[in-house]
Amino acid sequence: MDTALALTTDMKIVLALVSLTMLLFVFQRVRADLVALVVLVLLGLSGQVASEDVFNGFSSNAVISVIATMILGMGLDRTGALNRLAGWLLRRAHGVEQRLFLLTSAVAGLNSSFMQNPSVMALYLPVASRLASRTGITLSRLLLPIGAAIVVGGTLTMVGSSPLILLNDLLVAANANLPSGVATLEPLNMFAPLPIGLALLAMVLAYFHFFGNRQLRDGDDDGGVTPARTQSYFARAYGIDGDVFELTVTADSPLVGMTFGEAETLHNAPVLLALKADSEAKLAPAADSRIWVGSVIGAMGTRQQVADFAQNQFLRLSTRLRTFGDLFNPARAGISEAVVPPTSQFIGKTANELQLRRQHGIRLLAINRGKDEEVIRDNVRDVALRAGDMLVLHSFWQALTGTARRDLVMVTDYPKGEQRPHKFKIAMAIFAVTILIALSSRIPTSIALMTGVVGMLVFGVLKMDEAYSAINWKTVFLMACLIPLGWAMDSSGAAAWVAGHTIEQLPAGLPIWAIEIAVAFLTTAFSLVISHVGATIVVVPLAINLALAAGGDPTAFALIVALAASNNFMTQSNPVLSMITGPAGYQPRDLWRVGLPLSLVYTLVVVAMVNLLF
């Protein structure tokens, strides 16, 4: 490569735009996506990118892949997959703290290999809250290990993080400007970075097991974090305890012909929540619903209490939810708390008068009347509500949306979107087929992922409007608008000029691995300033030209850049860390104390693994 390449006007314009982008990102006076849009327009006005190509970033495989992974992630979330996962993690951990750390972090990392990191973190925040409330482990000791595992989990596949999604497009674009005689750069297959990602994930787990967790223990407990409204919380606060059982009414049962409301008032009756009669299963059925032979009742209480009730009333007890499994799925229904505000129309009325069950599908379990320090559970449907009452409710989450907006203030965080646990198997099958298609080298990853999106929509896992809402348009615009900047860096010769002059300044005989480490650190520094997407787009063309000048492998250098762009465990410019800093109460010094050593080890592992593979 000619290291004495002359600096042209086009190069100066492109380097000026890169500098402007970095300055605007550093001072954060203008939104990042707006900065990217401004740079895109300037590239078109200055002629650095042909007018017919200026907006091609929006149709690039990278952008389509990012959109598809966002939609697929929402599809899996709407089926309650994460709620099932939380229960599985608790069962497998057997109450052992270190095992819970390792399992949760490892599974979160594996999940992020096919979903955008912020989306995975959004799914794991309630999971972590649930685990913390059930085990007594503070959120500050859970969230950073999980967040770090999610970040490195994105390096397991070429669709796990935005830098890796971008990489193949940048490699293909670089071919147009390679010197004669240089071999064409081939796109990497879906699982090309898998060995590197596994090594990084193992490193993160080991780091927090032997070092990081001790640093986190020195911090304060989580302050100001609202406890998750779990079963144990309601047991402590209201005495509402136990699991859900199914009771089948036999011909000899005295409940035959009785109304559901009458059954609730029987002596020592557990909490009755659901009824299946006339082939229709209902949560929070109306009090005048009749119970017949063969009817199935959903009851919550301790096993002994429910068993005694079943024996006394000649009911057949089943601990397995065959009839109500879908109704009681925690992704779809559960217990919540709500406050009656002074403006509510519920004030002065009873649950019976309001017809909470018939009109809203909500079962009132208890009332916490704070001023009198009184928890009312007996005949609660006949108690007139007051302003300030805390109500304990059981319902479908969807039933709370309209009621909460009008007459109640919800305290419990609950899934706002419609949950479809009955679509779980379909969603998992679609996802599996999507991955199998993506493994084929004949079909681009973007088409494979969009095949999964179409499957989710056609089979009703998601609705079209929900798919639109799943897309983070800020991320899409940031990526699509900055991609042409990378093209301009390459086509103008700016990347080659910077690479050539950099090589001239380096000591003679410097080993390739040392240059790779320097490139990795440079990318990490850029990612702290201009985001991981911006760092990838700017540095990949530079790294490819640097590799050619130094006699290295351009693909290896480019892969190091894409991996190093995610190497940010120290600041909130990483979207994952920005999501957990508030809930866990992390201070900047906490992130630097734990994240800086992790970033250094991350760089060494990446360079070592890339050199082993390439």
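Results, tabulated for the structure shown:
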item	result
Computed [θ] at 222 nm, helices only, for the chain once each DSSP H run of length n ≥ 4 contributes -39500 (n - 2.57)	-17500 deg cm²/dmol
0 to 90° range, to nearest 10: angle between helix 512-550 axis and the chain longest Cα axis	40 degrees
Order by protection proxy (mean Cβ within 10 Å, highest first), peptides 306-312, 542-548, 381-387, 525-531	542-548, 525-531, 306-312, 381-387
Where labels lie 7 Å past Cα in the beta-carbon direction, separation of T259 and S59 in nm	6.6 nm
Count of lysine pairs in the chain with Cα separation under 28 Å (8 or more residues apart, or interchain)	16
Size of charge dipole - region 231-318 - debye, nearest 20, with Cβ of Lys, Arg +1 and Asp, Glu -1, no other charges	140 debye
Crossing angle, helix 445-458 versus the chain [Cα axis fit, 0-90 degrees, rounded to tens]	20 degrees
For Y586, Y602, order by how many other beta-carbon atoms lie within 10 Å, fewest first	Y586, Y602
Whole-number percent relative contact order across region 463-584, with pairs defined as alpha carbons under 8 Å at least 6 apart	27 percent
Sequence ranges 349-358, 23-32, ranked by mean other-Cβ count within 10 angstrom, highest first	349-358, 23-32
R589, R78, R141 arranged by Cβ crowding within 10 Å, fewest neighbours leading	R589, R141, R78
Gyration tensor (alpha-carbon) shape descriptor, region 333-410, a/c threshold 1.5	rounded
Sequence-separation-based contact order of region 231-318, relative, with Cα cut under 8 Å and 6+ spacing, percent	41 percent
Centre separation in Å (Cα based) which lies between region 161-186 and region 275-314	64 Å
Relative contact order (%) - the chain, alpha-carbon pairs under 8 angstrom, separation at least six	21 percent
In degrees, nearest ten, helix 9-27 long axis to first principal axis of the chain (Cα)	30 degrees
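Bear in mind that the values in this text are calculations on the coordinates, not laboratory data. Here the structure is a predicted model, which is why all the values come from computation and not from measurement. Note that we place each Cβ from the backbone using ideal geometry, even for glycine, and neighbour counts take in every protein chain shown.
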